[in-house]
């Protein structure tokens, strides 16, 4: 659990980011946190009401110093890639692992993406690029988005991926639930940023053809659970302290907690693993008063929730690799 001191640091970091937002002085934000009995808009779900959370029950993976770390049921394992990785994603069913490494000493410029089959027959696919992409386990596959055009490429099926009218998106494994923003939304967001210094965008959600909208903070940071039941995002309210991490359920009603984040991953149960810059990797679910700090001071970790089955698949591949198959 966070101390009040950690919360104050939290606010100061974001206050520098939200210059010009116009929601009040920093002291108001700090006092709101320290005096509030709970920063959560309560909508508890079963299984996440007991405190403290048993850390051994949590399963997730993150990137640290160019290697992947898997943490599940009390076991921590380093997946060795010779400290070369810029990004990674594991398919939610544990069949594939995608990694990206830089081919330049500056870590900017040419890259190589490697798609590894975690189950027999063990196969590998290689894809090169001129600039680092972003990897996401979503839509029942692993998607690589290039920058700045946001073109989507399905790494598992080796083909371009379009989901009109969305330019940048996430979706459920069966692709019946899609969340994303359009090119028009992006243009409006850039105009809003120039005028108000507010890095917000309209996130459009389609659940089996039924539309809804959310105004989110940080256009890149949102996620849809594989089963399509949950949407995680960050938002800044028009009044009161912010930003807030929110999780919307199947009905669209959201539970929120006061916090910022730079990357987020939501599970089929609505559990959220997110990265908050210099604070590290955190965990939250509806029912917790505050997010739980899991990995302190981890830079650029891009956390992803995984299952015990996925952790086991990573372990098998890592053991095989250590036994004599050199890292790519």
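Of all residues in the range 73-105, those being within 18 Å of residue 136 (Cβ to Cβ) and in a loop (DSSP other than H, G, I, E, B) number 5.
Residues of the range 244-253 that are at pLDDT below 95 and either part of a strand (DSSP E or B) or in contact with a strand residue (DSSP E or B) (Cβ under 7 Å, 6 or more places away or on another chain) (or both): 252 alone.
Can you name the residue in the range 213-233 that is surrounded by fewer than 23 Cβ atoms within 10 Å (Cβ to Cβ) and in a strand (DSSP E or B) and is also farthest from the chain's Cα centre (by Cα) among such residues? That would be 213. If you go through the range 278-304 and pick out every residue that is at pLDDT 90 or above, more than 20 Å from residue 254 (Cα to Cα) and under 14 Å from the mean Cα position of the chain (by Cα), you end up with 4. Of all residues in the range 154-175, those satisfying the criterion of being in contact (Cβ under 8 Å) with a residue 12 or more places away in the chain and closer than 27 Å to residue 188 by Cβ are 161, 163, 165, 166, 167, 168, 169, 170, 171, 172, 175. Of the strands (runs of 3 or more DSSP E) lying entirely inside the range 106-155, the ones with 2 or more residues being crowded, with 17+ Cβ neighbours inside 10 Å and at pLDDT 95 or above are found at 111-117, 134-138, 141-145, 152-154.
Here is the figure for the range 176-198: residues that are touching a residue at least 24 places away in the same chain (Cβ under 8 Å), over 26 Å from residue 250 (Cα atoms) and either in a helix (DSSP H, G or I) or in contact with a helix residue (DSSP H, G or I) (Cβ under 6 Å, 6 or more places away or on another chain) (or both) total 3.
Evaluation of residue 256 against the conditions (1) in a loop (DSSP other than H, G, I, E, B); (2) touching a strand residue (DSSP E or B) at 6+ places or on another chain (Cβ under 7 Å) shows that the sole unmet condition is (1). For the criterion of being within 27 Å of residue 219 (Cβ to Cβ) and in contact with a strand residue (DSSP E or B) (Cβ under 7 Å, 6 or more places away or on another chain), residue 148 fails.
The values are calculated or read from the model by the stated rules, or taken from the named source; none is laboratory data. As the structure is a computational prediction, the values presented were derived from the model and not from experiment. Backbone-built Cβ (ideal geometry, glycine too); neighbour counts: all protein chains shown.
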